[in-house]
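Only one structure is covered here, and it is reproduced in the block below.
The values are calculated or read from the model by the stated rules, or taken from the named source; none is laboratory data. Quick caveat: nothing in here was measured; it's all calculated off a predicted structure. Methodologically, a virtual Cβ is constructed for each residue, glycine included, from the backbone with ideal geometry; neighbour enumeration extends over all protein chains shown.
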Amino acid sequence: MIPTRFAILVAAALAVVPAAHVFAHGDVTPQPIDTAGLEPLGEEWRKENPYRENPKAIEIGASGYNQNCARCHGLEVISGGLAPDLRYLEKGEQGDTWFLERIRHGAKKSDGTTIMPGFEGTFSQEAMWAIRAYVESVHVD
Ligand code: HEC
């Protein structure tokens, strides 16, 4: 009887491991962002957000943010401490540059562990700037 129960416990413990592993790497399936209705931007990366204060972009970005970024950066951009609070990200072009760098390439710790996944190849440039428009719309000083 005891060996059987032990085997079940081991199996249960092992079943938990892959989930923990995936979480540690932030490797959760990204949710698609529908950017229909936004002006297409082409291939070349913009230096500045072409959708700043664009209401349609803010609406699309709010949904994209809450589905893809909020689990780390907090719902409504109010961080619970797991990742930086993006409401404080600088407004304007300087904030844009840093935003684009992070959303495209993500972030790693010095030991190489991914702490934020990069979204280049997953989200279009339009989707990224829509999220930026939303984040900037809730900026606090
Ligand atoms: C798995 C958790 C996770 C997810 C998901 C995530 N981030 Fe991050 N993000 C982080 C962490 C952790 C940092 C801090 C990186 C560092 O310290 O260098 C960060 C940093 C940033 C920064 C730089 C902030 C600063 O003040 O320097 C931006 C901008 C950013 N993330 C945007 C986003 C956006 C937009 C999304 C969604 C598309 C997103 N992140 C999804 C964890 C995450």
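Tabulated values for the structure
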{"item": "Residue check for Gly74: touching a Ser or Thr at 6+ places or on another chain (Cβ under 9 Å), modelled with pLDDT of 95 or more and surrounded by 15 or more Cβ atoms within 10 Å (Cβ to Cβ)", "result": "no"}
{"item": "Test for Arg52: is it among the basic types (Lys, Arg) and over 20 Å from Gly121 (Cβ atoms)", "result": "yes"}
{"item": "Residue check, Gly37 among the small types (Gly, Ala, Ser), more than 10 Å from the ligand (Cβ to nearest atom), out of contact with any helix residue (DSSP H, G or I) (no Cβ under 9 Å at 6 or more places or on another chain) and not in a helix (DSSP H, G or I)", "result": "no"}
{"item": "Odd one out for Tyr88 among (1) aromatic (Phe, Trp, Tyr); (2) near the ligand (Cβ under 10 Å from one of its atoms); (3) within 13 Å of the chain's Cα centre (by Cα)", "result": "(3)"}
{"item": "Enumerated helices (runs of 4 or more DSSP H) restricted to region 62-141, each holding at least 1 residues that are at negative phi, aromatic (Phe, Trp, Tyr) and touching a Phe, Trp or Tyr at 6+ places or on another chain (Cβ under 6 Å)", "result": "125-137"}
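Residue by residue, here is whether (1) near the ligand (Cβ under 10 Å from one of its atoms); (2) touching a Gly at 6+ places or on another chain (Cβ under 9 Å); (3) more than 22 Å from Thr35 (Cα to Cα) holds:
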{"residue": "Gly64", "(1), (2), (3)": "yes, no, no"}
{"residue": "Phe99", "(1), (2), (3)": "yes, no, no"}
{"residue": "Ala107", "(1), (2), (3)": "yes, yes, yes"}
{"residue": "Pro117", "(1), (2), (3)": "yes, yes, no"}
{"residue": "Phe123", "(1), (2), (3)": "yes, yes, no"}
{"residue": "Glu126", "(1), (2), (3)": "no, no, no"}
{"residue": "Arg132", "(1), (2), (3)": "yes, yes, no"}
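Matching residues to (1) touching a residue at least 40 places away in the same chain (Cβ under 8 Å); (2) surrounded by fewer than 16 Cβ atoms within 10 Å (Cβ to Cβ):
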{"position": "Glu44", "(1), (2)": "no, yes"}
{"position": "Arg52", "(1), (2)": "yes, no"}
{"position": "Lys56", "(1), (2)": "no, yes"}
{"position": "Gly64", "(1), (2)": "yes, no"}
{"position": "Gln67", "(1), (2)": "no, yes"}
{"position": "Pro84", "(1), (2)": "no, yes"}
{"position": "Ile115", "(1), (2)": "yes, yes"}
